[in-house]
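Q: First, the structure itself, so that you have it in front of you.
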Amino acid sequence: MCGIVGYIGEQNCVPVLINGLKSLEYRGYDSAGVAVLSGDTIGIRKTKGKVDNLSNLLLNEPISGKAGIGHTRWATHGAPSDMNAHPHFSNDDKIAVVHNGIIENYQELKAELEKKGYVFQSETDTETIAHLIDDYYKQGHDILESVRKTLERIEGSYALGVLCTDYPDQLIAARKESPLIVGLGKGENFIASDIPAILNYTKKAYILDDKELALVKADSVSLYDIDGNEIKKEVYTYKWDVEAAQKSGYDHFMLKEIYEQPKVVRDNLAQRFSEDGKSIELDGIKLGRAELENINLIYIVACGTAYYAGLVGKYLLERMVGIPVNADVASEFRYKEPLIDEHTLVIVISQSGETADTHSALKLAKSKGSRVLGIVNAVGSSIARDADDVLYTLAGFEIAVASTKAFSAQVVAMYLITLHIAMELGRIDNDTFEEIKQAMDLLPKQINDILTKAVPKIRRFVNKYIGSKNVFYIGRGLDYVVCMEGSLKLKEIAYLHSEPYAAGELKHGPIALIEEATLVVGIVTQEALFDKTKSNIKEVKARGAKVLAIAMQGNRSIEEVADDVIYIPRTHWMLTSLLANIPQQLFAYYMALELGEDIDKPRNLAKSVTVE
Ligand code: F6R
């Protein structure tokens, strides 16, 4: 939801800002802009569309300077347009602002500022910030104090970058509920929504906390709390290298990330078993027998793909541990007065660690006395910092908007948590644990096998059904959850209407939509439910559907009812979701590719949903 970047140092900042914005496009790509200080003026270039449009604009109307801020937008207030693009600026063009977040009281502030004579040029909430800073500045405060006073007035969330012509040697940054880091270089410093934006220049950064400000100069960074007191923070060193934020020969980040899954799963498994392999170690999380016996309900909360990973966990925990598990999307959970207390373990799942609804759900759960376990990918993110315990998913950067490897890592986390709780509470014996562990050890190789063998088949299938407008995904139990994820992926990147259905539910309405050549993906990896789902596939076939089945090796009788079958290697029943999802990712990817869609940056979406 919008990305911001800023630079101050000896280089011309424009290439730094453009490179940074390109790496942040996963956060939004409705419009982009930069503000650059040169001499005693700020040059602003901004335009609707992706960062490439901005680069073209800069070729025709170049600017340069040694301090600047940039922004790539995911529109909330005001349509995507040149005028609504950031940076926004004061009426005298002395102050420029980029912002990620939402100012909830902007209408009151706008009315107040208009009465004072300020003229608004855009429909955005952000423009109020530029004028409010200007108002305080004109009252005689210095620029840092003007920003600080502005922050006291605004309600909502923000990551901000501010430039002022009277202070050419500094830029100001601040954050509340939207991520922001201050990157530390030699004779140059940066601000950014996320580390990929500045990874070419530095791996060291301050991670700002809520209501903190930074005064950033080329050779120093001073940090303040919202009351203006100077504060100290530890420097965080990121472990990722530049390669992690590049496509490395793949056509799309999504494809690269799909192919990274064997490694991601291997990394997660390698670090989570004790040396003797007989128990699970969850990053030092204290969820031992005593703590677990105090828990009578588990609540899993997340959004989108992360929620589906959570649903896998719900099925597994209920079946293997026997504790009731509720699961909700965070946007529902946070407004429903959930029945939770100190005997509830709330598990929140988030790749970015910044999803606004999930973060609010976490805070609500804590306020009710529940213990919150965060399953998070982004190190140091808001959810990671506010959860009582964190299990990192070790998936590395996920840049494509459509989540793939992060989902797999989240599912593995659910496997590990389920096994850990089941063992601690004595719900499974050592032999069962050993059997599942052995099956888990095979997963990276099995994913590799699927990636190698399934692609030609999937591409043939995609070519055959490229004209389809509706796709149904059907399955039962854990397979039904896999259907939800597969259907979401297809909607997101191929823009095809698709519906996931519990296979047994079809007859209760949706089967009316099946007609000649309707495409149906049938997931049939649960042995215990095989015959049931096979019958449901027969029912859609009888009504003219074309069926792609995803089944476990050995269950060849599925070929009697499906047009095409992708087989996944045999595995323990609790582990099938991870494998069955891989062909679905490829199916969505190649469908989108054949349709010519912008796979890494699907329309209307952003990777990190920091607004509710
Ligand atoms: C789908 C997708 C989204 C995210 C959801 C939650 O491919 O990526 O549905 O899963 O927005 O995001 P995080 O995990 O960052 O909280």
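The values are calculated or read from the model by the stated rules, or taken from the named source; none is laboratory data. Not measured: the values here are computed from a predicted model. Note that we place each Cβ from the backbone using ideal geometry, even for glycine, and neighbour counts take in every protein chain shown. Heavy atoms of the whole protein, side chains included, go into the accessibility calculation; ligands, DNA and RNA do not. Shrake-Rupley method; radii C 1.70, N 1.55, O 1.52, S 1.80 Å.
Q: Ranked from the most accessible area to the least, with a 1.4 Å probe and all protein chains present, what is the order of Phe253, Phe472? Mind showing how you got there, number by number?
A: Working: Phe253 30, Phe472 5 Å².
Greatest to least solvent exposure: Phe253, Phe472.
Q: Along the positive direction of the dipole of the chain (beta-carbon charges: Lys, Arg +1; Asp, Glu -1; about the Cα centre), which of Ile285, Val390, Val547 reaches farthest?
A: In the chain, that residue is Val547.
Q: Could I ask something else about it? For segment 378-509, what number results from the quotient of the Cα radius of gyration and 2.2 N^0.38 Å?
A: Numbers: Rg = 18.3 Å, N = 132, 2.2 N^0.38 = 14.1 Å.
Relative to the rule-of-thumb radius for its length, segment 378-509 sits at 1.30.
Q: Okay, next question. Pop the C-beta distance of Phe120 and Glu61 into the FRET formula with R0 = 22 Å and round what comes out to the nearest 0.05.
A: Working: r = 24 Å, r/R0 = 1.09.
Efficiency computed from Cβ-Cβ geometry: 0.35.
Q: I've got another one for you. Using the Cα atoms of segment 247-441 to build a convex hull, what is its mean projected area in square nanometres? Don't skip to the answer; put the middle values down first.
A: On the way: hull surface 41.9 nm².
Orientation-averaged projected area of the Cα hull: 10.5 nm².
Q: Order Met1, Met423 by their accessible area, 1.4 angstrom probe, all chains in place, largest first.
A: On the way: Met1 5, Met423 50 Å².
Largest to smallest exposure gives the sequence Met423, Met1.
Q: In debye, nearest 20, what is the charge dipole magnitude of segment 334-387 about its Cα centre with +1 on Lys and Arg Cβ and -1 on Asp and Glu Cβ, if you could check? Intermediate values should be presented prior to the final figure.
A: Working: 7 positive and 6 negative charges, 10 e Å.
The calculation lands at about 40 debye.
Q: What does the accessible area per residue of segment 448-601 come to in Å², with a 1.4 Å probe and no ligands, DNA or RNA counted?
A: 37 Å²
Q: On to the next question. Can you give the charge dipole size of segment 3-244 about its Cα centre, rounded to the nearest 20 debye, using +1 on the beta carbon of Lys and Arg and -1 on the beta carbon of Asp and Glu? The partial results should precede the final answer.
A: Details: 26 positive and 37 negative charges, 99 e Å.
Computed charge dipole of segment 3-244: roughly 480 debye.
Q: Give me the percent of the accessible area of the chain that comes from carbon and sulfur atoms, probe 1.4 Å, all protein chains in place. Mind dumping the intermediate values first?
A: Values: 10680 of 22790 Å².
The C+S portion of the solvent-accessible surface of the chain is 47 percent.
Q: Then there's this: Using a Förster distance of 41 angstrom, determine the FRET efficiency expected from the C-beta separation of Asn91 and Asp388, and round it to 0.05. List each step's numbers first, then the result.
A: Values: r = 47 Å, r/R0 = 1.15.
The pair Asn91/Asp388 has a calculated efficiency of 0.30.
Q: Can you work out ³J(HN,Hα) from phi for every residue in segment 191-204, in order, using Karplus 6.51 cos²θ - 1.76 cosθ + 1.60 and θ = phi - 60°, giving whole Hz and x for Gly and Pro?
A: Once rounded to whole Hz, the list reads 10, 6, 5, 7, 4, x, 4, 10, 5, 5, 10, 7, 10, 9.
Q: Which residue, Ile537, Ile558, Gly477, has the largest displacement toward the positive end of the dipole of segment 448-601 when charges sit on each Cβ (Lys, Arg +1; Asp, Glu -1)?
A: Most positive-ward Cα: Ile558.
Q: At 0.36 nm per residue, minus the direct Cα-Cα distance, what do Asp227 and His497 gain on full extension? Give it in nm, one decimal, please.
A: Net length gain for the segment: 92.2 nm.
Q: Give the accessible surface of segment 3-244 per residue, rounded to a whole number of Å², with probe radius 1.4 Å and ligands, DNA and RNA excluded. It would help to have the intermediate numbers written out before the result.
A: On the way: 9190 Å² over 242 residues.
The answer is 38 Å² per residue.
Q: I would also like to ask the following. Write down the radius of gyration of segment 1-41 and its Dmax, each obtained from C-alpha positions, in Å.
A: Rg, Dmax (Cα atoms, Å): 11.1, 33.
Q: List the residues of segment 202-216 whose backbone N lies under 19 Å from a point placed 7 Å from the Cα of Trp240 along the Cα-to-Cβ direction.
A: 202-209
Q: On full extension of the chain, what length is gained from Leu605 through Asn200, given 0.36 nm per residue of separation minus the C-alpha to C-alpha distance?
A: Difference between extended and current length: 143.2 nm.
Q: Can you list residues whose amide H is under 5 Å from Ile280's amide H, if they're 5+ apart or on another chain and H is modeled 1.01 Å from N?
A: Hits under the 5 Å cutoff: Ser274.
Q: Please work out how much accessible surface Leu488 shows to a 1.4 Å probe, ignoring ligands, DNA and RNA, in Å² rounded to 10.
A: That residue has around 40 Å² of solvent-accessible surface.
Q: Could you pull the Rg and Dmax for segment 3-244, using just the Cα atoms, both in Å?
A: That works out to 16.1, 52 Å for Rg and Dmax.
Q: Kindly identify segment 369-444 as rounded, prolate or oblate by the Cα gyration tensor criterion: order the square roots of the eigenvalues as a ≥ b ≥ c, call it rounded if a/c is under 1.5, otherwise compare a/b with b/c, prolate if a/b is larger, else oblate.
A: Values: a/c = 3.42, a/b = 1.35, b/c = 2.53.
Cα axes put segment 369-444 in the oblate bin.
Q: Bins of 10 Å, beginning at zero and ending with the bin holding the largest distance: percent of Cα pairs per bin for segment 101-214, please.
A: Pairs per bin, as whole percents: 14, 41, 33, 11, 1.
Q: Determine which lysines satisfy two conditions relative to Lys217: a Cα distance under 19 Å, and not lying fewer than 8 residues away in the same chain.
A: Cross-link targets: Lys66, Lys94, Lys186, Lys203, Lys204, Lys232, Lys233.
Q: Please report, in whole Å, how far the alpha carbons of the chain spread along each principal axis, starting with the longest.
A: Principal-axis extents of the Cα atoms in the chain, largest first: 78, 57, 43 Å.
Q: Right, another one. Could you work out the relative contact order of the chain? I mean the mean sequence separation of Cα pairs under 8 Å and 6+ apart, divided by the number of residues, in percent. Mind dumping the intermediate values first?
A: Values: 1385 pairs, mean separation 71.8, N = 612.
Dividing the mean separation by the residue count of the chain yields 12 percent.
Q: For the chain, what is the mean residue ellipticity at 222 nm derived from helices alone (per DSSP H run of n ≥ 4: -39500 (n - 2.57); sum divided by total residues; nearest 500 deg cm²/dmol)?
A: -11000 deg cm²/dmol
Q: Separate question: Please give the length that would be gained between Asp429 and Glu612 if that part of the chain were fully extended, namely 0.36 nm times their separation in residues minus their C-alpha to C-alpha distance (nm, one decimal).
A: Numbers: separation 183, 0.36 × 183 = 65.88 nm, distance 4.33 nm.
Stretched out fully, the Asp429 to Glu612 stretch lengthens by 61.6 nm.
Q: Separation between the Ala290 and Leu339 pseudo-spin-labels, each 7 Å from Cα along Cα→Cβ, expressed in nm?
A: Output for this residue pair reads 3.0 nm.
Q: Return the distance in nm (one decimal) between the two label points of a simple spin-label model at Thr452 and Asn470, each offset 7 Å from Cα along Cα→Cβ.
A: If labels sit at Thr452 and Asn470, their model points lie 4.0 nm apart.
Q: Using the basic label-point model (7 angstrom from Cα toward the beta carbon), what is the Asp169 to Ser535 distance in nanometres?
A: 8.1 nm
Q: Can you give the FRET efficiency to the nearest 0.05 for Asn105 and Arg459, using r as the Cβ-Cβ distance and R₀ = 41 Å?
A: Working: r = 52 Å, r/R0 = 1.27.
Using R0 = 41 Å, I get an efficiency of 0.20.
Q: May I pose another question? Place a +1 charge on the Cβ of each Lys and Arg in segment 416-475 and a -1 charge on the Cβ of each Asp and Glu, then give the dipole magnitude about the Cα centre in debye, rounded to the nearest 20. Walk me through the numbers on the way to the answer.
A: Details: 9 positive and 7 negative charges, 185 e Å.
Roughly 880 debye, rounded to the nearest 20.
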